[in-house]
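A quick write-up on the structure given underneath.
The values are calculated or read from the model by the stated rules, or taken from the named source; none is laboratory data. Please read these numbers as outputs of a predicted model, since none were measured by experiment. For neighbour counting, all protein chains shown are included, and Cβ atoms are generated from backbone atoms with ideal geometry for every residue, glycine included. Each accessible area value is taken on the protein alone, full model and side chains, heavy atoms only, with ligands, DNA and RNA left out. Shrake-Rupley method; radii C 1.70, N 1.55, O 1.52, S 1.80 Å.
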Amino acid sequence: MTTRPPVGYAEPILIVGAGVFGLSTALELKKRGFQDVTVLDRYLPPVVDGSSVDISRVIRVEYADPLYGRMAREALDGWQGEYAETYHQSGFVMLADKVEGHSYLSKTQQVDESLGSSLEVFEEASDVAKRYSGIQAHLGGLTAFSNPGGGWADAEASIRRLSQLCTTAGVSFVTGTRGRVLGLDIRDGTVVGVKVADGSRIPASQVILATGAWTNRLVAVSHATSASGQPVGFIKLTPEEARSLEGSPVIINLSTGIFCFPPTQGTNILKIARHSYGFATTVPTDDGAGSAPRLVSSPKRDGDNTAASYLPEDAEFALREGLRQLLPQFANHEWMSQRLCWYSDTPEGDFIIDHHPDLKGLFVAGGGAGHAFKFLPVLGRYIADCYENKADMDVRQKWRLRPGLGSEGLVMKGDGSRGGPPLRTLDAHEQAKL
């Protein structure tokens, strides 16, 4: 970890990225008295292809790590309070093979008990259907772990509310070509602003990168975080079909990584996805720092990544197999849309919230690793504590920007919660369809 003094309260701060990391940081900094806070992004939030934006995100408190377990419980208070209009307490169910078990679940049980038990254990997964009337999954050979207090949030509506709170607090927003950041403005080892697509530079005393899967386009940290695309599909149900799932919880099969949500109220859209190691791309990028172009995994920077409704064949097959197990009556329904949702992965699934060790004036807040959104009500407080060097030392160490600047080859083990096949790099034909 790196310790640097925060800038003065009147000095300009630029936050690049209008997702959950960027917006929560902006709001918290304004609350703490920083007067000149500006968020830059290609689009106004909710950013259409941001990993923080979708019809739903899982809200749970079950973690194999005590820090995230405590944070998730704090965040749940916010979901049930200030963000209650966007939170749906449907219940949350984790499934695992009955014979082989799952190491993540055993660790999660231990942490859950230490923080105040929330989990119910069903040795026969079929028994969990007695609690949730809408479950129609094939549950033979599985055990189930349930928390009736969990559920899901309308991600797009939550981000919209967060951005409105930012606007009310006085945060400025810049979008379009002036909000599309192409590189950092670095002078004598200090980041003094950013270079944007309209050809100009925007100066700042502090730049905070909250750019998620796009981070390696701007700074070489592939040793610490890398982007992976995770498959997600949407199916439009009839009102009658949606009613057949009333009372169903969010369900994840930890062995396959497949998870599904209840249909969204009003629109009757069913969502299924996979929490796995995903797919990588190969994108040449020039961060403008004078170094040779690098190859990184990243979504598109100059367009909407949701525009192409495309999944690799093996990803679509996996989602269909997941439907056959978890939602068999809809296994052959036509896709309304499908796409890759972009994670910003880290070796153990820990966030990166730290001052850059070599570039003064640069702070990184990201590495969401597919599980950060649930912390929306409290994430900004934790980020601002790290920025102001107020966080506990063990937290700052956990979220440090690891050494090895410029080296490639992230080894992604995750936190143990992922299932499915290992990371696969898309070939040129597949990548062209994104």
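I'm trying to understand the selection: among the residues of segment 98-121, which are part of a loop (DSSP other than H, G, I, E, B) and touching an Asp or Glu at 6+ places or on another chain (Cβ under 9 Å)?
Initial filter on segment 98-121 (part of a loop (DSSP other than H, G, I, E, B)): 98-102, 116-119.
Answer for segment 98-121, where residues must be part of a loop (DSSP other than H, G, I, E, B) and touching an Asp or Glu at 6+ places or on another chain (Cβ under 9 Å): Lys98, Ser118, Leu119.
Looking across segment 59-75, the residues that are in contact with a Lys or Arg (Cβ under 8 Å, 6 or more places away or on another chain), among the hydrophobic types (A, V, I, L, M, F, W, C) and surrounded by 20 or more Cβ atoms within 10 Å (Cβ to Cβ) come down to Ile59, Val61, Ala64, Ala72, Ala75.
Scan segment 312-333 and tell me whether some residue there is more than 23 Å from Asn253 (Cβ to Cβ), open to solvent by 30 Å² or more (accessible area, probe 1.4 Å) and not hydroxyl-bearing (Ser, Thr, Tyr). Step through it out loud before you land on a result.
Filtering segment 312-333 for residues more than 23 Å from Asn253 (Cβ to Cβ) gives none.
No, there is no match, as no residue in segment 312-333 is more than 23 Å from Asn253 (Cβ to Cβ), open to solvent by 30 Å² or more (accessible area, probe 1.4 Å) and not hydroxyl-bearing (Ser, Thr, Tyr).
So that you can scan it fast, the table gives a plain yes or no per residue for (1) open to solvent by 10 Å² or more (accessible area, probe 1.4 Å); (2) of a type in the set (Asp, Glu); (3) more than 19 Å from the chain's Cα centre (by Cα); (4) over 23 Å from Ser297 (Cα atoms):
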residue	(1), (2), (3), (4)
Val191	no, no, yes, yes
Lys195	yes, no, yes, no
Ser200	yes, no, yes, yes
Arg217	yes, no, no, no
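Number of residues in segment 113-143 that are farther than 25 Å from Gly420 by Cα and either in contact (Cβ under 8 Å) with a residue 40 or more places away in the chain or open to solvent by less than 50 Å² (accessible area, probe 1.4 Å) (or both) equals 8. Thr346 meets each of the listed conditions (1) within 18 Å of Val395 (Cα to Cα); (2) among the hydroxyl-bearing types (Ser, Thr, Tyr); (3) surrounded by fewer than 19 Cβ atoms within 10 Å (Cβ to Cβ) apart from (3). Thr215 meets each of the listed conditions (1) more than 24 Å from Val48 (Cβ to Cβ); (2) assigned to a helix (DSSP H, G or I); (3) β-branched (Val, Ile, Thr) apart from (1).
Report, by residue number, each residue of segment 382-402 that is open to solvent by less than 20 Å² (accessible area, probe 1.4 Å) and of a type in the set (A, V, I, L, M, F, W, C). First the steps, then the outcome.
Of all residues in segment 382-402, those open to solvent by less than 20 Å² (accessible area, probe 1.4 Å) come to 383-384, 386-387, 391, 395-396, 399, 401.
Ile383, Ala384, Cys386, Ala391, Val395, Trp399, Leu401 - these are the residues of segment 382-402 that are open to solvent by less than 20 Å² (accessible area, probe 1.4 Å) and of a type in the set (A, V, I, L, M, F, W, C).
The set of residues in segment 305-328 being under 21 Å from His429 (Cβ atoms) and in a loop (DSSP other than H, G, I, E, B) consists of Asn305, Thr306, Ala307, Ala308, Ser309, Tyr310, Leu311, Pro312. Which residues, counting only those in segment 239-255, are within 19 Å of Gln329 (Cα to Cα), open to solvent by 10 Å² or more (accessible area, probe 1.4 Å) and part of a loop (DSSP other than H, G, I, E, B)? Answer for segment 239-255, where residues must be within 19 Å of Gln329 (Cα to Cα), open to solvent by 10 Å² or more (accessible area, probe 1.4 Å) and part of a loop (DSSP other than H, G, I, E, B): Ser244, Glu246, Gly247, Ser248.
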